[in-house]
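First up is the structure itself, then whatever we jot down about it.
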Amino acid sequence: MSKNAKGTPIVKGLGFDSFGLGANACTVDIDEEANKILRIRPFHFDEHQTPEELNAWKIEARGKTFEPGFKTLISPLSLCYKKRVYSKNRIPYPMKRIDWDPAGERNPQNRGTSSYERISWDEAAEIVAAEIKRMHDEYAPEAILCEIDGHGETKVVHASHGCITHLLDLCGGFTLQSRQPDSWEGWYWGAKHIWGMDPLGQQNKQNNVIKDISENGDAVLFWGCDPETTPLGWGGYMASRICFWFTEIGVKQIHISPDVNYANAVHADKWIPVLPNTDAALQLAIAYTWIKDGTFDQKYLDTHAVGFENFKYYVLGGEDGVPKTPKWAEKICGVPSYTIKALARYWAKHAVSIAHCNGGSFIRSCFAHEPARLEVALLGMQGLGKPGANQFKFMEWTLFGIPTLDPLPPSTHIPSLGAAYRGYVTGTKTSFIPKTMIPEAIMNPPVSWYGHISAGLPREDQFDGPYTFPPEGGSRVHMIWSDSPCWETCWNGGFKMQDALRDESIECVVVQHPWMENDTMFADIILPSNTKFETEDIGTDCDSGQWNVVFYERQAIKPLGESKSDKEVVAEVAKKLEKFGGIYEDIYDKYLGGKTDDEWIRVGFDTSGAPEGMSFEEFK
């Protein structure tokens with residue numbers, strides 16, 4: 001096929017972590033012709049660099065060789081994203097709920113059932129700006145709740161998930177919907193306190209663990225882990241390739257999970273079904289077997305741990321009179337006692353590592369801190385860090401820019417676009433509410449809790465507080481502005497959130513989003529944002545496990561309908577705020593940061609760590 005036949009290739013990053021500091025993945029080539037996306041396909045590294053220029057790595061073990069490959073290992077989520085761009089569910093223009101009148105009856109009880117009417121961008125921005133001004137005059141800045149968390153398209157200059165807070169922080173503050181560390185919940189609340197692994201609670205010293213297992217490991221234990229599906233939005237199919245590699249070189253794969261997930265079905269040498277949320281009983285019975293058999297590493301514990309005698313006392317029944325035997329565990333977790341003993345004894349005799357994809361269901365459920373910290377105890381009992389005995393993740397490699405989080409051979413540099421990132425701002429004058437407490441905070445204030453509820457903070461922060469909303473002498477929530485309208489679909493308790501959005505205290509709900517879905521249908525004002533295919537930007541790929549990449553993201557197609565980028569949506573509101581003067585004076589230029597889009601892209605290039613000697617024009 002000739003170059004003209006396939007259109008003009010455009011590079012984009014289609015990882016969906018959404019925070020564009022440097023953790024994107026799934027680099028693709030988009031073939032475009034006449035303002036139309038023809039297809040999305042893998043990016044081929046060998047069309048641009050030689051293996052020597054790429055500093056290509058390989059793992060050689062047991063007479064076999066594992067290499068990263070020279071095209072990106074993108075997932076179906078990325079390959080079919082053209083359908084999402086051209087979805088019939090795209091919001092074509094600004095809209096207002098027909099029975100919501102900012103100068104009259106607001107009818108909050110009808111949110112989710114009312115229809116909408118088309119309005120102009122000028123009118124929509126005027127209404128939102130006037131509502132912000134009214135909130136400040138009648139209540140306080142914290143009366144405006146910003147919902148900007150979650151995952152989605154990863155953008156940098158046009159980043160969603162935070163453009164709103166850029167503006168409102170300049171206007172005196174806001175209330176932030178603070179997302180709990182839900183991806184790492186059990187690790188965060190439990191494992192952090194038994195081995196001190198900040199920031200997430202999972203092991204962050206992982207470099208070359210795959211190489212170590214390939215050379216020295218006997219088995220990998222997949223605990224509630226599905227690397228065939230879970231990592232697809234973050235790193236593509238490298239996780240899948242690693243599983244096939246383990247099979248090729250004879251590393252056994254043992255899966256513990258209530259269900260036969262895709263990875264279990266394809267890769268498991270042994271599947272152990274366990275009843276949901278009962279993994280702690282299974283883990284305690286494994287520890288009991290090791291203690292009774294004398295097959296744990298006492299010398300390691302003597303030099304690397306404290307408190308084991310207290311743990312042993314509990315496992316043997318000293319605290320509650322109930323020894324945590326395999327027979328005891330069998331009645332709770334549903335795993336036969338002979339299987340528990342067999343697993344424990346195999347593990348004690350072999351080099352076994354544990355793999356996760358953010359922990360699986362047993363780390364995201366009730367009391368998830370228990371299996372998380374018990375796993376750490378089991379790893380310690382068998383000498384964590386011995387050849388072939390470790391813990392690693394199949395996803396989120398280089399998360400938070402941490403170079404030791406990648407279990408594959410690490411790149412020499414993790415590029416960061418933080419200097420150009422125009423998204424998430426936590427704020428300098430901010431109150432906050434934990435995400436799961438939003439309905440209660442709206443309908444039954446005040447609410448209280450401990451900690452800042454952020455996974456990136458040290459574990460001591462979990463004891464800070466109590467915090468209360470509304471703050472003393474402050475306002476409750478009266479307005480919501482969201483660019484991540486999925487509370488009711490991403491969290492349990494969606495009906496409760498619908499009740500909260502219909503509460504009479506909520507006078508205005510503004511949503512900016514590309515698609516008519518989820519919480520968008522409860523908005524009073526809907527502002528159409530566009531996809532990253534419709535913007536000019538800069539991106540990285542650090543989470544694929546292949547090579548770290550920085551790329552220029554040309555605009556692939558013109559914005560569909562009247563949609564604007566999230567940055568531009570908020571800019572329209574900023575323009576309208578300026579007429580009020582005072583704290584809003586010159587707010588538009590302050591919000592834009594004094595630079596054009598191209599200048600911000602240049603900032604990203606200059607500070608990313610791209611090779612010295614390359615000009616911005618060459619890069620583009």
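The values are calculated or read from the model by the stated rules, or taken from the named source; none is laboratory data. All of these numbers come straight from a predicted model, not from anything done at the bench. Cβ placement follows ideal geometry from the backbone for every residue including glycine, while neighbour counts extend to all protein chains displayed. Heads up: the accessible areas ignore ligands, DNA and RNA and are worked out on the full protein's heavy atoms, side chains in. Shrake-Rupley method; radii C 1.70, N 1.55, O 1.52, S 1.80 Å.
Quick rundown of the values:
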item	result
Within segment 199-304, trypsin sites (Lys or Arg not before Pro) in DSSP loop having at most 15 other beta-carbon neighbours inside 10 Å	205
Folded to 0 to 90 degrees: helix 337-349 orientation relative to the chain principal axis, Cα	80
Dipole moment magnitude, nearest 20 debye, the chain about Cα centre, only Lys, Arg, Asp, Glu C-beta charged	1900
Spin-label proximity, residue 205 to segment 289-318 - amide N less than 20 Å from point 7 Å beyond Cα toward beta carbon	297-308
Segment residue 117-residue 193, extension gain: residue separation times 0.36 nm, minus the distance between their alpha carbons	22.1 nm
Probe 1.4 Å - accessible area at residue 96, Å² to nearest ten	20
Between helix 566-577 and the chain: long-axis angle, C-alpha atoms, 0 to 90°, nearest 10	40
Mean ellipticity per residue at 222 nm, deg cm²/dmol - from DSSP H runs of n ≥ 4 across the chain, formula -39500 (n - 2.57)	-8000 deg cm²/dmol
Phi-based couplings in Hz for segment 183-191 (Karplus 6.51, -1.76, 1.60; Gly and Pro marked x)	5, 9, 4, x, 4, 5, 7, x, 5
Whole-Hz ³J(HN,Hα) from phi, Karplus 6.51 cos²θ - 1.76 cosθ + 1.60, for segment 487-496, glycine and proline x	4, 6, 9, 8, 10, 5, x, x, 5, 5
Net charge contributed by nearby residues that have their C-beta within less than 10 Å of residue 522 (K/R +1, D/E -1)	0
Along the chain, longest interval not containing exposed GluC sites (Glu not before Pro), exposed being DSSP loop plus at most 13 other Cβ atoms within 10 Å	106-318
Net charge of Cβ neighbours under 14 Å - reference residue 445; Lys, Arg +1; Asp, Glu -1	-4
Surface accessible to a 1.4 Å probe, residue 176 within the full protein complex, Å²	10
In sequence order, calculated HN-Hα J values of segment 288-298 (Karplus, 6.51, -1.76, 1.60; Hz; x Gly/Pro)	4, 4, 4, 5, 5, 7, x, 10, 9, 9, 5
For residue 413, distant residues with modelled amide H under 5 Å away	none
Estimated inter-spin distance, residue 505 and residue 109, nm [label 7 Å along Cα→Cβ]	1.9
Rounded tilt (10° steps) of 369-381 against the dominant C-alpha axis of the chain	40
Amide H contacts under 5 Å for residue 10, placed H, 5+ residues apart	30, 31, 32
Nonlocal amide H pairs with residue 252, under 5 Å, H built at 1.01 Å	219, 220
Cα gyration tensor category, rounded, prolate or oblate, for the chain with a/c compared to 1.5	oblate
Zone residues, segment 364-387, relative to residue 314, backbone N less than 13 Å from point 7 Å out along Cα-to-Cβ	369-378
Under 10 Å, Cβ to Cβ, from residue 616 - net charge with Lys/Arg +1 and Asp/Glu -1	-2
